[in-house]
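This report refers to the structure that appears directly beneath it.
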Amino acid sequence: MALNLLMLGPPGAGKGTQSERFARSRGIPKISTGDILREAVHAGTDIGRRAKVVMGRGELVGDDVMIGIVRERLEKTDAMGGFVLDGFPRTVAQAEALDDIMSTRDPLIVVDIVVPEAELVRRLGTRLICDTCGAGAPVGASSAAVTAVCVRCGGRLVQRADDNQAVVLERLKVYHRMSEPLVEYYRVRPTFRSIDGAQLPDRVAADLAAAIEAAGHGAVRHGVQR
Ligand code: ADP
């Protein structure tokens, strides 16, 4: 059975960090719509130019564009043996489209990372990413320990354009309005689990692995098959 994992959670919950780590450990691709859009912005494509404005305001890129991007990405051969999806779906319409895309594939395992709001604001205000490759600086590193150089490629560490305070508050508002309903959308499924994201990254990773294992059993027990 392919491991088709979907990570839910507000901005700053650690979805990107945990997705990356988990995907690498299982040898499956991590598909992050935020990364795909940032690459498009960097490359100056048509979608990138339009997305830049929307992302800069902390709003969401349109469902049609996002669904098209994800549909195309999930059809690539490397995603057939499983994937980790980070940042999509963000609206119920996207979730319905994803169910349609997945209708002939193994079930989605859905993990929601829960983190208190105050902690999210603190994390988003202090996190740094690499200017060149987009990698995040180690979570939990004190600012004094951050070397301002990316450990992966040696690039410069900077604040993400949409991590300034006004945009962060807007992104959290948009999350509550548009994306939090997804938790209710998925909660009824036997393959849904939620984990505590307000712990050290290693603990979150351990809880994530356990939740995925349990959700996989949930799928088998309920005969969830597509
Ligand atoms: P976050 O840290 O907020 O989870 P991401 O890197 O996932 O950030 O996304 C950054 C921005 O890209 C979002 O604020 C939004 O503007 C846009 N974006 C990413 N994924 C989607 C999506 N599925 N639907 C609409 N907009 C998206």
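Some points to look at:
- Applying the criterion of being more than 23 Å from Pro10 (Cβ to Cβ) and of a type in the set (A, V, I, L, M, F, W, C) to the residues of the stretch 41-62, the residue that is nearest to the ligand (Cβ to nearest atom) is Ile47.
- Condition broken by Gly12, with the remaining ones in (1) among the small types (Gly, Ala, Ser); (2) surrounded by 16 or more Cβ atoms within 10 Å (Cβ to Cβ); (3) more than 15 Å from the chain's Cα centre (by Cα) satisfied: (3)
- Odd one out for Ile31 among (1) part of a helix (DSSP H, G or I); (2) more than 10 Å from the ligand (Cβ to nearest atom): (1)
- Taking the listed residues Gly62, Gly82, Gly68, Gly27, the one that is closer than 24 Å to Ser194 by Cβ, under 18 Å from the mean Cα position of the chain (by Cα) and not hydroxyl-bearing (Ser, Thr, Tyr) is Gly82, with no other qualifying.
Yes/no matrix, rows are residues, columns are (1) modelled with pLDDT under 95; (2) touching a strand residue (DSSP E or B) at 6+ places or on another chain (Cβ under 7 Å):
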site	(1), (2)
Ala95	no, no
Arg127	yes, yes
Arg160	yes, yes
Ala166	yes, no
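- Val111, sole failed condition from (1) part of a strand (DSSP E or B); (2) modelled with pLDDT under 95; (3) within 16 Å of Ser32 (Cβ to Cβ): (2)
- All conditions in (1) surrounded by 20 or more Cβ atoms within 10 Å (Cβ to Cβ); (2) touching a residue at least 60 places away in the same chain (Cβ under 8 Å); (3) within 10 Å of the ligand (Cβ to nearest atom); (4) at negative phi hold for Gly87, with the sole exception of (4).
- Of all residues in the stretch 34-51, those that are closer than 16 Å to Asp64 by Cβ and among the β-branched types (Val, Ile, Thr) have Cβ atoms under 8 Å from Cβ atoms of residues that are away from the ligand (no atom under 11 Å from the Cβ) and assigned to a helix (DSSP H, G or I), 6 or more apart or on another chain, in Ile36/Arg73.
- Here Ala97 passes the criteria (1) among the aliphatic types (A, V, I, L, M); (2) away from the ligand (no atom under 16 Å from the Cβ); (3) surrounded by 14 or more Cβ atoms within 10 Å (Cβ to Cβ) except the one numbered (2).
- Selection over the stretch 63-76 of residues that are outside any loop (DSSP other than H, G, I, E, B), free of Cβ contacts under 8 Å to residues at least 40 places away in the same chain and more than 9 Å from the ligand (Cβ to nearest atom) gives a count of 4.
The values are calculated or read from the model by the stated rules, or taken from the named source; none is laboratory data. Note that the structure is a prediction, hence the values are computed from the model and not measured. Cβ atoms come from the backbone with ideal geometry, glycine included; neighbour counts cover every protein chain shown.
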